[in-house]
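S.K.: Input: one structure, supplied below.
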Amino acid sequence: MDSDSITIIAVFFILLILSAYFSSTETAFSSLSRVRLKNMAEDGNKKAHLTLRLEEDYDRILSTILIGNNLVNILLSSLATLVFVGMFGNAGVTISTIVVTVVVLIFGEVTPKSLAKERPEKFAIFASPFLRVLMVILNPINCLFVLWKKLLAKIFRMEDTEGISEQELLTIVDAAQQDGGIDEQEGELIRNVIEFNDTEVEDILTPRVQLVAIDLDTAGQEEIAEAFRDSGFSRLPVYRKNIDNILGVINVKDFYTQIYGAGADKNAVSVESIVNPVACVPPTMKISKLLGKLQSSKSHLVTVSDEYGGIIGIVTLEDVLEELVGEIWDEHDRVVEGFVPAGSDTYKVLGMADLDDMFDLFGLDYDIDIATVGGWAMDELEKIPETGDHFVFGPLDITVTKADERKAEELLIRKLPEEETK
């Protein structure tokens with residue numbers, strides 16, 4: 001083998017390596033995680049810092065890679081054509097096309113891209129120094145491509161899609177949980193944080209009919225003490241004449257230390273003097289905004305009023321926090337399960353249970369603008385539910401098992417087998 005043949009072979013392999021370099025670099029920069037890269041840069045990795053700076057100008061990176069890859073592949077094809085034409089004559093063009101296509105596809109595209117996809121950050125960091133040099137060399141051509149992109153954006157009125165949407169974030173969390181990067185509890189907490197700003201006050205309030213409140217004009221100290229004991233709450237709303245006229249809340253600590261407890265002078269302090277004022281908010285307020293309001297006012301409770309000024313319920317700081325971390329129980333709470341298994345695909349469901357949670361439990365996807373299961377039953381029956389009422393909704397068989405004169409308190413819900421729903 002003469003020196004010219006060795007040179008041609010060496011050039012061919014160098015071009016093939018460059019083709020693999022550009023292909024793997026393109027995949028690495030399009031697949032890398034900016035979060036991981038930032039963590040590596042913050043840990044003192046200078047190459048990661050360089051890679052992060054390059055990634056911020058992704059358009060120039062992409063144009064540099066594409067220009068380099070196309071130049072290399074064209075040179076590779078031209079060189080192979082010259083060699084094979086010299087060896088096989090006119091048939092060399094066809095042979096060259098077949099050989100170069102197979103070789104470039106395997107060693108210049110598929111293999112390097114597959115490897116880069118597995119470790120995108122490492123490949124990007126490895127490729128960054130040489131890529132930075134190429135970006136400087138090809139800067140005049142890159143500028144033309146940038147101008148061309150701006151022109152196309154104006155012609156086709158392309159919208160700026162930078163940033164990550166909420167749905168994309170939820171997808172990332174699901175993928176991280178499936179890959180084992182985070183556990184189920186961490187994933188649920190992150191999802192709650194992402195969806196936190198979408199929840200409104202009316203979605204988490206304690207409705208008016210469930211309020212334990214004190215009439216300041218009629219309740220004596222014994223009645224107030226009994227209300228605290230029976231409810232187990234640390235704060236109780238106080239109203240005058242009717243519950244739409246809530247004056248504020250009484251803290252159990254203030255009540256027992258200043259009025260009712262041992263050593264307290266029961267005649268020195270009036271109940272009204274320990275009532276703390278509370279804010280009133282609309283039901284459409286986002287709970288993320290409400291949390292800030294509670295923090296700034298150092299309050300633990302707000303009332304919720306409708307458009308006519310009537311009280312429709314209350315929301316506590318604990319209610320807001322439970323949207324992030326789930327149910328919070330203390331040693332005095334009576335744990336009430338909204339969904340109790342009662343057989344195969346059958347549950348006893350409280351009327352006040354969340355309707356969306358009920359549909360999720362049965363793996364169903366319905367968008368109904370009703371908060372509770374009991375309210376949904378009333379809407380379906382078109383009357384106040386009574387014990388024994390029965391109806392079918394899609395694949396669900398529902399029977400009201402307990403009701404009072406105003407609402408359904410408990411329902412038995414069974415998911416019907418597919419053959420029964422056809």
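S.K.: Measure nothing but the geometry: give the 0 to 90° angle between the long axis through the Cα atoms of 46-55 and the longest principal axis through the Cα atoms of the chain, rounded to 10°.
M.R.: 90
S.K.: When all protein chains stay in place, what accessible area (Å², nearest 10, 1.4 Å probe) is found for GLU222?
M.R.: 100
S.K.: Moving to a separate point now. What size of dipole, in debye to the nearest 20, comes out for the chain about its Cα centre when the only charges are +1 on Lys and Arg C-beta atoms and -1 on Asp and Glu C-beta atoms?
M.R.: The dipole of the chain has a size of about 2840 debye.
S.K.: Under a 1.4 angstrom probe, counting protein chains only, how are LEU416, LEU350, LEU82 ranked by accessible area, largest first?
M.R.: LEU82, LEU350, LEU416
S.K.: Let me cross-check PHE107: its accessible surface, 1.4 Å probe, with only protein heavy atoms counted, in Å² to the nearest 10?
M.R.: Near enough 120 Å² of accessible area.
S.K.: Over the Cα atoms of the range 81-194, what radius of gyration and what Dmax do you get, in Å?
M.R.: Every Cα atom of the range 81-194 included, Rg and Dmax give 22.9, 69 Å.
S.K.: Would you rank MET285, MET87, MET40 by solvent-accessible area, highest first, keeping every protein chain in place and using a 1.4 Å probe?
M.R.: These residues rank, largest area first, as MET87, MET40, MET285.
S.K.: Pull out the extension gain between ASP57 and ILE14, defined as 0.36 nm times the separation in residues minus the alpha carbon to alpha carbon distance; nm, one decimal.
M.R.: 12.7 nm
S.K.: Suppose a student asked you for the relative contact order of the chain, using Cα pairs under 8 Å spaced at least 6 residues apart; what percent would you report? Walk me through the numbers before you get to the answer.
M.R.: Details: 531 pairs, mean separation 40.6, N = 422.
Relative contact order of the chain: 10 percent.
S.K.: Please grab the % of Cα pairs in the range 16-65 that end up more than 12 Å from each other.
M.R.: Summing the P(r) tail past 12 Å for the range 16-65 gives 64 percent.
S.K.: Rounded to the nearest 0.05, what FRET efficiency do LYS402 and ARG132 have when you use their Cβ-Cβ distance and R0 = 56 Å?
M.R.: Working from the Cβ atoms, E equals 0.20.
S.K.: At 1.4 Å probe size, put THR199, THR111 in order of accessible surface, largest to smallest. Mind dumping the intermediate values first?
M.R.: On the way: THR199 25, THR111 60 Å².
Output order, biggest surface exposure first: THR111, THR199.
S.K.: Each label point is 7 Å from the Cα along the Cα-to-Cβ direction; what then is the distance between the points at GLU226 and LEU79, in nm?
M.R.: 9.7
S.K.: Report, in listed order, any pair from LYS46/LYS149; LYS253/LYS293; LYS122/LYS149; LYS253/LYS286 with a Cα-Cα distance greater than 25 Å.
M.R.: Working: LYS46/LYS149 31 Å; LYS253/LYS293 23 Å; LYS122/LYS149 29 Å; LYS253/LYS286 30 Å.
From LYS46/LYS149; LYS253/LYS293; LYS122/LYS149; LYS253/LYS286, over 25 Å: LYS46/LYS149; LYS122/LYS149; LYS253/LYS286.
S.K.: Taking the Cβ-Cβ separation of LEU169 and VAL325 as r and a Förster radius of 22 Å, what is the calculated FRET efficiency to the nearest 0.05?
M.R.: With a Förster radius of 22 Å, E is 0.70.
S.K.: Next question. Please determine, in degrees from 0 to 90 and to the nearest 10, the orientation of helix 91-103 with respect to the longest principal axis defined by the Cα atoms of the chain, where the helix direction is its Cα long axis.
M.R.: 30
S.K.: Let me know the volume per residue of the alpha-carbon convex hull for the chain, in Å³.
M.R.: Once divided by residue count, the hull of the chain is 285 Å³.
S.K.: Need the list of lysines near LYS241 for cross-linking: C-alpha distance under 24 angstrom, and skip anything on the same chain fewer than eight residues off.
M.R.: Answer for LYS241, where 24 Å is the Cα cut-off: LYS266, listed by chain and number.
The values are calculated or read from the model by the stated rules, or taken from the named source; none is laboratory data. Note that the structure is predicted; figures quoted are calculated from it, not measured. All Cβ positions, even for glycine, are placed from backbone atoms using ideal geometry, and neighbour counts span all protein chains on display. Please note that ligands, DNA and RNA were not included when accessible areas were found on the heavy atoms of the full protein model with its side chains. Shrake-Rupley method; radii C 1.70, N 1.55, O 1.52, S 1.80 Å.
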